[in-house]
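See structure below.
The values are calculated or read from the model by the stated rules, or taken from the named source; none is laboratory data. Everything numeric here is computed off the predicted structure, so don't read it as measured data. Positions of Cβ are generated from backbone atoms using ideal geometry, with glycine treated the same way; all protein chains shown enter the neighbour counts. Ligands, DNA and RNA are stripped out before the accessible areas are found, and what is left, the full protein with its side chains, is counted by its heavy atoms. Shrake-Rupley method; radii C 1.70, N 1.55, O 1.52, S 1.80 Å.
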Amino acid sequence: AAIAKAVGGKHIEVHSLTLGTRDPHFAVARPSMIRRVYRADLLLVIGADMEIGWLSPLLQSARNSRVLPGNPGYLDLSLAVPLLGKSQGPVSRAMGDVHAKGNPHYWLDPRNGVRMAKVMAERLAQLDPQHANVYRANAVKFEKTIHARFVEWRKTLRHLDNKPVIAYHTSFVYLANAFGFRIIDEVEPKPGISPSAASLGKLIARIKKEKIDLLIIGPYYERRSSRYLSEQTAIQVA
């Protein structure tokens, strides 16, 4: 939504169906969401099956043909991004919350934000030709801003180069790719599966043995496991 606002400026009205502080895998199709999709001219989706559990019933309830897949008002942003973690074989629920099309958390690499902005600008230009030049100019401005900031961010995070890091979920592979640190393990034994006492015990042993001192976690995951790991190993939780 923030990228869409940067590209669209004053010529579009943007609403986010999910909040950044909540797990985007598990949204619920509330009446307010249905009303917004019913009125929308463009629906931007993360794609790569991120919304697989809730988007289809939401579209059915909204009954807005403009934003159905295959129409100009539906834009799957994952098609504009080189996805990491694509499955090479069959995927089953026994593997946890695995996305066969690739890891959908790609917006955490700022460079992918630029790719998203460009395709948003082109689709807005198609839907609203009167302001096409504005959308494209805003996307260029956004790209220049991100490139300048990215240089600054790389300098600020230089201490993370090649650093081994524990993540709670497989959310951060794009962030790691952008800023040069290595995610060597996750708190979840399988994506989307809560850690057990046994899996936490194995992780504690690895943290101590390899002297890993940083654990990163999204804002919507349970904190009890991370606090326990920190108490047992003094690992810093971000």
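Quick notes on this one:
- Pairs with Cβ under 7 Å, 6+ apart, first in region 26-44 and within 27 Å of Lys118 (Cα to Cα), second of a type in the set (Lys, Arg): Tyr38/Arg63; Asp41/Arg66; Leu42/Arg123
- Within region 196-238, considering residues that are of a type in the set (Asp, Glu) and within 21 Å of His159 (Cα to Cα), the one surrounded by the fewest Cβ atoms within 10 Å (Cβ to Cβ): Glu210
- Across region 3-28, the number of residues qualifying as open to solvent by 50 Å² or more (accessible area, probe 1.4 Å) and either in contact with a Gly (Cβ under 9 Å, 6 or more places away or on another chain) or not aliphatic (A, V, I, L, M) (or both) comes to 10.
- With respect to (1) closer than 23 Å to Arg22 by Cα; (2) loosely packed, with under 12 Cβ neighbours inside 10 Å, the lone exception for Asp161 is condition (1).
- Flag for Glu186 being modelled with pLDDT of 95 or more, more than 30 Å from Ala6 (Cα to Cα), open to solvent by 70 Å² or more (accessible area, probe 1.4 Å) and not aromatic (Phe, Trp, Tyr): no
- Among the conditions (1) within 30 Å of Glu222 (Cβ to Cβ); (2) surrounded by fewer than 18 Cβ atoms within 10 Å (Cβ to Cβ), Ala48 misses just one, which is (2).
- Pro189 being closer than 24 Å to Thr233 by Cα and touching a helix residue (DSSP H, G or I) at 6+ places or on another chain (Cβ under 6 Å): yes
- Taking the criterion of being within 18 Å of Trp107 (Cα to Cα) and part of a helix (DSSP H, G or I), the residues of region 153-172 that qualify are Trp153, Arg154.
- 1 or more residues out of contact with any Cys (no Cβ under 9 Å at 6 or more places or on another chain) and farther than 30 Å from Glu143 by Cβ: qualifying helices (runs of 4 or more DSSP H) within region 1-95: 31-39, 55-62
- Qualifying residue in region 135-147 (condition: touching a His at 6+ places or on another chain (Cβ under 8 Å) and either under 30 Å from Pro72 (Cβ atoms) or of a type outside the set (Gly, Ala, Ser) (or both)): yes
- Residue list for region 164-183, restricted to those being open to solvent by 40 Å² or more (accessible area, probe 1.4 Å) and of a type outside the set (D, E, K, R): Val173, Leu175, Asn177, Ile183
- Asn103 fulfils the conditions (1) part of a helix (DSSP H, G or I); (2) of a type outside the set (Val, Ile, Thr); (3) modelled with pLDDT under 95 except for a single criterion, (1).
- Residue match in region 115-137 (condition: part of a loop (DSSP other than H, G, I, E, B), farther than 22 Å from Gly70 by Cα and touching a residue at least 12 places away in the same chain (Cβ under 8 Å)): no
- Yes/no for Asp41 being modelled with pLDDT of 95 or more, of a type outside the set (A, V, I, L, M) and under 21 Å from Pro104 (Cβ atoms): no
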